[in-house]
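Asks: Pasting a structure below so you can have a look.
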Amino acid sequence: MSGVSEDIPDAAPPREEERTLTDSTEQLAPEPPRVVVPRWVQLVALPLALLAAYALAKAAGKVVLIFIVAGGIALILNPAVAFLQRSRLPRGLAVLAVYLGFFLVVAGIGVLLANPISNQIRSFTHNLPHLVNEANATIVSFQGDLHRIGIHAQLAEQGKTALQTLQDKLSKSGGTIVSFGGGLLTEAVSAGFDLVLVFVLSVYMLIYGERIGGLVRRTMPNGDGTRGDDYPTLVQHAVSRYVGGQLLFSVIMGTTAGLALYIFGVLGIFPDGSHYAVVFGVFFGVMELIPYLGPFLGALPPIVVALFSNPISALWVGLLFLGIQQLEGHIVAPQIFGHTLRINPLLVIIALLLGEQLYGIVGALTALPVLSVLRETAVYLTRHLTLEPWDRSRDGML
């Protein structure tokens with residue numbers, strides 16, 4: 001064998017002229033022919049298809065939303081699955097490994113944050129009696145101010161603290177609270193089943209991802225054969241850009257809120273801000289994942305804690321979060337999402353409103369990734385579809 005191998009020369013590297021010829025051939029490769037959409041399809045089939053899609057989405061209701069969420073998760077995780085497949089791992093095992101890795105990463109982040117968060121929660125629990133006493137004093141003082149201006153509101157009854165009075169009033173509405181709690185529990189159970197269904201569907205979508213991609217390629221007009229003109233790849237990149245932008249946005253806003261509250265604590269404006277900055281910052285960053293309500297929900301805990309100590313501190317904290325939200329809406333969000341989604345901000349606002357109107361908070365949460373996919377679809381079809389012109393002179397009608 002050694003003699004045979006010595007008689008066979010090594011393959012010579014391609015010469016410069018050959019590489020230049022190959023590059024020029026690839027550059028001059030003809031574009032795939034455009035698909036011409038006949039006029040009758042433009043006039044009849046396309047409007048009917050849009051109406052049918054709308055009717056189906058309306059009739060299916062939450063089912064469409066579940067499939068959209070599961071598809072988004074599958075698109076996000078598919079690059080990791082494809083990477084493991086390149087190391088000759090079967091696709092089913094690659095999907096299992098990616099999900100296990102995802103849960104391990106989430107658990108690792110939880111462990112890293114658990115110690116500082118638990119310390120701050122322990123500190124908050126230790127200071128809770130002091131905060132309750134300050135809250136009682138604040139409510140009694142506020143009741144006195146109301147009485148002096150002629151408003152007789154009974155916030156603290158004789159012989160009871162203000163919070164005990166509030167507890168008695170809440171207990172009289174126990175039936176309403178129980179009913180509300182029962183409805184909330186029902187919604188939570190339903191949401192749990194939906195999450196399990198989303199998880200199962202996303203697993204199946206990942207396992208059969210290659211077949212789904214092949215079906216989509218056969219349905220859409222042919223590209224030029226490169227990854228830059230492959231429709232499934234473009235859709236996957238669009239969703240990945242949205243997720244990356246959203247995570248970066250949440251990290252920036254959570255860090256900004258935590259730092260600002262820490263500075264407020266150091267300056268004495270909100271003394272507890274320096275003690276609980278990590279908890280408030282992490283909570284605010286997580287809430288930023290929720291459109292519309294997220295910034296308000298994220299601001300509630302520090303404002304409530306500030307109310308326990310001093311109403312003036314609560315006012316300053318409220319103004320701080322109002323400024324953060326203005327910074328978020330006018331500087332941070334346009335810069336991040338404008339770069340990642342490549343979509344006009346007006347369309348972003350319309351998509352959020354429409355998603356919230358159709359499916360509530362979850363609809364608003366999925367509106368932007370759906371909009372980014374629609375954008376990639378429109379761009380791809382613009383490159384590969386041509387509408388048959390409506391030239392009446394060609395038919396002798398003029």
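Asks: Mind checking which pairs have a first residue in segment 218-231 that is within 20 Å of residue 37 (Cα to Cα) and touching a residue at least 60 places away in the same chain (Cβ under 8 Å) and a second that is acidic (Asp, Glu) and open to solvent by less than 40 Å² (accessible area, probe 1.4 Å), Cβ under 6 Å, 6 or more apart or different chains?
Replies: Within 6 Å, the pairs are 223/229; 223/230.
Asks: When both residues are 6+ apart or on different chains and their Cβ atoms are under 9 Å apart, which pairs have a first residue that lies in segment 94-106 and is free of Cβ contacts under 8 Å to residues at least 60 places away in the same chain, and a second that is open to solvent by less than 20 Å² (accessible area, probe 1.4 Å) and part of a helix (DSSP H, G or I)?
Replies: 94/81; 94/206; 97/81
Asks: Can you say whether residue 268 is out of contact with any Lys or Arg (no Cβ under 9 Å at 6 or more places or on another chain) and either closer than 30 Å to residue 371 by Cα or open to solvent by less than 20 Å² (accessible area, probe 1.4 Å) (or both), as far as the supplied structure shows?
Replies: Working: out of contact with any Lys or Arg (no Cβ under 9 Å at 6 or more places or on another chain): yes; either closer than 30 Å to residue 371 by Cα or open to solvent by less than 20 Å² (accessible area, probe 1.4 Å) (or both): no.
In short, no.
Asks: Does segment 256-264 contain at least one residue that is assigned to a helix (DSSP H, G or I) and either farther than 21 Å from residue 310 by Cα or in contact with a strand residue (DSSP E or B) (Cβ under 6 Å, 6 or more places away or on another chain) (or both)?
Replies: Yes: segment 256-264 contains one or more residues that are assigned to a helix (DSSP H, G or I) and either farther than 21 Å from residue 310 by Cα or in contact with a strand residue (DSSP E or B) (Cβ under 6 Å, 6 or more places away or on another chain) (or both).
Asks: A further question follows. Looking at segment 195-206, is at least one residue among the polar types (S, T, N, Q) and open to solvent by 30 Å² or more (accessible area, probe 1.4 Å)?
Replies: No.
Asks: Name every residue in segment 90-109 that is of a type in the set (A, V, I, L, M, F, W, C), closer than 14 Å to residue 206 by Cα and open to solvent by less than 60 Å² (accessible area, probe 1.4 Å), in order of residue number.
Replies: Result: 94, 95, 97, 98.
Asks: Also, quick follow-up: Name the helices (runs of 4 or more DSSP H) wholly within segment 297-385 that hold at least 3 residues that are out of contact with any Ser or Thr (no Cβ under 8 Å at 6 or more places or on another chain), of a type outside the set (S, T, N, Q) and open to solvent by 50 Å² or more (accessible area, probe 1.4 Å)?
Replies: Values: elements: 311-327, 333-341, 345-384.
Once the helices (runs of 4 or more DSSP H) in segment 297-385 are filtered for at least 3 residues that are out of contact with any Ser or Thr (no Cβ under 8 Å at 6 or more places or on another chain), of a type outside the set (S, T, N, Q) and open to solvent by 50 Å² or more (accessible area, probe 1.4 Å), what remains is 311-327, 345-384.
Asks: For residue 323, only one of the following conditions fails: (1) modelled with pLDDT under 90; (2) within 29 Å of the chain's Cα centre (by Cα). What is its number?
Replies: Going through the list (1) modelled with pLDDT under 90; (2) within 29 Å of the chain's Cα centre (by Cα), residue 323 breaks only (1).
The values are calculated or read from the model by the stated rules, or taken from the named source; none is laboratory data. Please read these numbers as outputs of a predicted model, since none were measured by experiment. No Cβ is skipped: glycine too gets one built from the backbone with ideal geometry, and neighbour counts run over all protein chains shown. These area figures cover heavy atoms from the full protein model, side chains too; ligands, DNA and RNA do not enter into them. Shrake-Rupley method; radii C 1.70, N 1.55, O 1.52, S 1.80 Å.
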